[in-house]
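What follows is a set of notes on a single structure, which appears directly below.
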Amino acid sequence: MEKHMGDTIDEVSTSSASSSDSLSFPTKVPQIELNRSISKPIIFAWHPNDFTEDLLEKPSSQSVLFEDSSDKSKIITHEPTLPPDTWLLGGTLGCRNACLVFKSSALANCTQISIQEKPGYKLHITYKVLQAETKLLSKLLECHGITEVAPNSSDFNLLWTGSHPKPGALRSMAPHQRVNHFPRSYELTRKDRLYKNIERMQHAKGYKHFDFIPQTFVMPTEYGELCTTHHRIKGPWIVKPVASSRGRGIFIVETPNQVPLEEPVVVAKYISKPLLVAGHKCDLRLYVAVTSFDPLLVYIYEEGLVRFATVKYDSSHKQLWNPCMHLCNYSINKYHSDYVKSDDPSAENVGHKWTLSALLRHLKAEGKNTALLMSQVEDLVIKAMLASANSVISACRMFVPNPSNCFELYGFDILIDSNLKPWLLEVNLSPSLGCDSPLDVRLKSAMLADLLTLVGIPAVDPILRPTTNSLTSASLKMNSSSKMKLGNCRRVHSADGLSSTLPKKSSSVNADRLSSSALTLSPEESRVIKMAKAQFDRRGGFVRIFPAVDSWTKYSQYLDPATGIPISGNNNSYSSYNISGAHNYNLLLYTHLFPEVPINTKAFDKCNLKYSSLDRKRDLSLDSHKGTTLARQDRYERMLSQGHRSALAPKKTPKDSRSAELRKQIIDMLRNGKKMTQCETRRTFSHYLGCVLRRISAGPDQEDHMEIVLKFLQKASNYLRTPYTVKTPSQSLDSKDRAAVVAKQLNDFLYLYNRETELFVDKTEKPSQIPSKLYAEFLENARECDLEEILIHQTTQTVPTHGGKTGFQGVLKCIPNVPKSYGLKPPYSKSAAKSKGLKVSSLS
């Protein structure tokens, strides 16, 4: 079955395809399809997502290549016509409890009429973006009738930011507003804080329970410990900046004396025996959503990405300098000329980027225990959350006025070793939503739509928002008969649900426990339970991993018995909490979601001692219904059925005639005394460097060009506000690998350069300047030769002739002598830079 097909499917028998042919790059690899024979009627539980029913033929003994489109005809799809009110849940338009529903299918049918029919349009719902790349998000929201407002506006429903929100911004949030970060999320996403939090749990609860992260040292304070450890267990070691992303600044060393001590970095033991697929190293990018830290509510999206290194792995460590062999980041490998990018959104295992389900089906076909693997992955995610949750909860109590204001989408990067053990590499605060391939668009559009639905954005007009968030007296009243029914109400059965094979005696005992406790529920406790159940109904493709049916048995030892808040490893962790009036929302929620499971606080201490992260395995009988083979782990192996299957926007091909016309207008204006602003100059230079980057990636045999780029980077890096070190790739590398390393460093420079360009804001347009709209159109249509002419004219005040030395060799060679003309001079004086300890030197 494909994903979204049923968290509540009964009586479905499954069988995976047989082992695939040997995989190889860069040619297309065999696709391993998951075929399922349906022997009994399927019962669907409705989800807010649009879904597809697939009727597949019987399992085949042959692997299927994704070359013939006729193979797709085996899947019969139909989408039922849903009534208009399915764009809302929890009530009709205008209802206080109504929440918006988001669907990736809206991207395929985005017309002005369809937008105006959406409740988001009718209620004037808005969003704003701060310091984030949100092309996909913006497109998805606009298709649902939601409009963007200015960054300084306070009338918004959703705030999406690429950085941590300020405490003042959090304190001012209204109940109907949502922001995509919790305060102090850096406790999980900064590499140094992540390791220290897990290390404390290792000391407090035992290393074997938190053995999923490589041994790590924080430089420069722990350099001595690194040297001592290196003498005992030799390298290699991998060096990472504490707060970087996209593979920036990562490299591998063999000895500690190669580690830089001038800036804060972490040095981790390199996993030298990774899982290889067709000889290539790979890692996982999983999307983890947290909607609450107290109680803790954690979801994993059922589909993720698998990223492959472009160069085949060499275990001899003779090529530690080769990032395209040892690092799997897409931002690094995409510049390699051998990188294979699939153009088919339905091909989940073609090229150097697969889906998680495709990898799991491949491993399962090889006889690997994928259920155990994903159980360990879930365990890893939950324990990483538990290790960091204490600080986040404390910050939420100080800064967040309403319980549902914050949510978080984390990007977990996980490496699997040759023993099929998962290792946590890092956690990303704002995982990339960039869509460089059709598979990216399909997966991320489905995930993002499900995330927004899961979060539950209230259907509230931001201008006519309620003046108070207090509950009405009618909603607080609950007669005794309705309270008594709470313990016996029918819960949603799903892959997260309970097994009907549980002992009846314990079920009845705990049902009595639930019904009696329901009599004393406070309004806040009722809200917590209602919120968790409503989220579960809206979860779509997200799998709730905490709380789950066995959560209390496995993780209660890491929770404070009085407050239920995760223990951070410090003895004084809860000195700031009022224990006399403490609540325990985690225990409360667990007893109401899983009333049939007995709570034995004495028994769990003994049973947990025999588990470690490596051998802990979920009892699958607790996750599936009687007679059903569709267990919870199978959700990760189902093929993705949702998601937008087309490009977000067709690429514009600049017309030579128009670009030449715009270039002539700009040069004529410059000759007549018009001037380019510093921001326009920097943007022009950035566009030109982008052309150089594409040229190097496309033609890796241009050794002379790469040398010029390296020399340019070494000089130009001195003018960046952010410290940036250029590393010359080893001459022993293959030309393709060397070109990819140079291209990656140029891309990193561009990233920092563009961020600093944002500091140059042209507030007003002066008569002496080139019109901003005209220049924006020029940049949109400019070719490389057009940019060259503008840059050289800006430098020499002359238009280059065809006989002159143009091309990026000529441009980059003359740039170091005129840094100010290209906006390379930083936006501060040398005296100010010295006071900040920044390095400023002449490029000439």
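Could you tell me whether region 241-288 comes out rounded, prolate or oblate from its Cα gyration tensor? Rule is a ≥ b ≥ c as square roots of the eigenvalues, rounded for a/c under 1.5, then prolate if a/b exceeds b/c, otherwise oblate. Verdict is oblate for region 241-288. Label zone of Arg96 (point 7 Å out along Cα→Cβ, amide N under 15 Å): in region 527-556 this covers 527. Using a/c under 1.5 as the rounded threshold, could you call region 305-401 rounded, prolate or oblate? The axes a ≥ b ≥ c are square roots of the C-alpha gyration tensor eigenvalues, and prolate needs a/b larger than b/c, oblate otherwise. Judged from the Cα gyration tensor, region 305-401 comes out prolate (a/c at least 1.5, a/b above b/c). Filter the cross-link list Lys128/Lys421; Lys139/Lys533; Lys139/Lys269 down to pairs whose alpha-carbon distance in this structure exceeds 32 Å. Lys128/Lys421; Lys139/Lys269, as the Cα separations exceed 32 Å there. When a/c reaches 1.5 or more, the comparison of a/b and b/c decides; with that in mind, is region 234-324 rounded, prolate or oblate per its Cα gyration tensor? Judged from the Cα gyration tensor, region 234-324 comes out oblate (a/c at least 1.5, b/c at or above a/b). Counting only Cα atoms, the size of region 248-386 along its three principal axes is 44, 40, 29 Å, in decreasing order.
Hey, what does the equivalent ellipsoid look like for region 721-770, semi-axes from the Cα gyration tensor as sqrt of 5 times each eigenvalue, largest first, whole Å? Can you show the working numbers first?
Numbers: eigenvalues 258, 30, 9 Å².
Semi-axis lengths for region 721-770 are 36, 12, 7 Å.
Average accessible surface for region 290-332: 25 Å² per residue, computed with a 1.4 Å probe over protein heavy atoms with every protein chain in place.
Our summary gives region 697-760 a relative contact order of 40 percent, counting only alpha carbon pairs under 8 angstrom and 6 or more residues apart.
Restricted to Cα atoms, region 185-339 shows a radius of gyration and a Dmax of 16.7, 49 angstrom.
I need the per residue convex hull volume for region 670-748, using only the alpha carbons, in cubic angstrom as a whole number. About 108 Å³ per residue, rounded to a whole number. Of interest is the spacing of the C-alpha centroids, which for region 252-286 and region 692-766 amounts to 23 Å.
When only Cα pairs under 8 Å and 6 or more residues apart are kept, what is the percent relative contact order across region 158-248? Display every interim value, and only then the final one.
Numbers: 46 pairs, mean separation 20.2, N = 91.
Normalised by residue count, the contact order of region 158-248 is 22 percent.
The values are calculated or read from the model by the stated rules, or taken from the named source; none is laboratory data. Just so it is clear, the model here is predicted, and its values are computed rather than measured. In this analysis, Cβ positions are derived from the backbone assuming ideal geometry, glycine residues included, and neighbour counts consider all displayed protein chains. Surface areas here come from the heavy atoms of the whole protein model, side chains and all, with no ligands, DNA or RNA. Shrake-Rupley method; radii C 1.70, N 1.55, O 1.52, S 1.80 Å.
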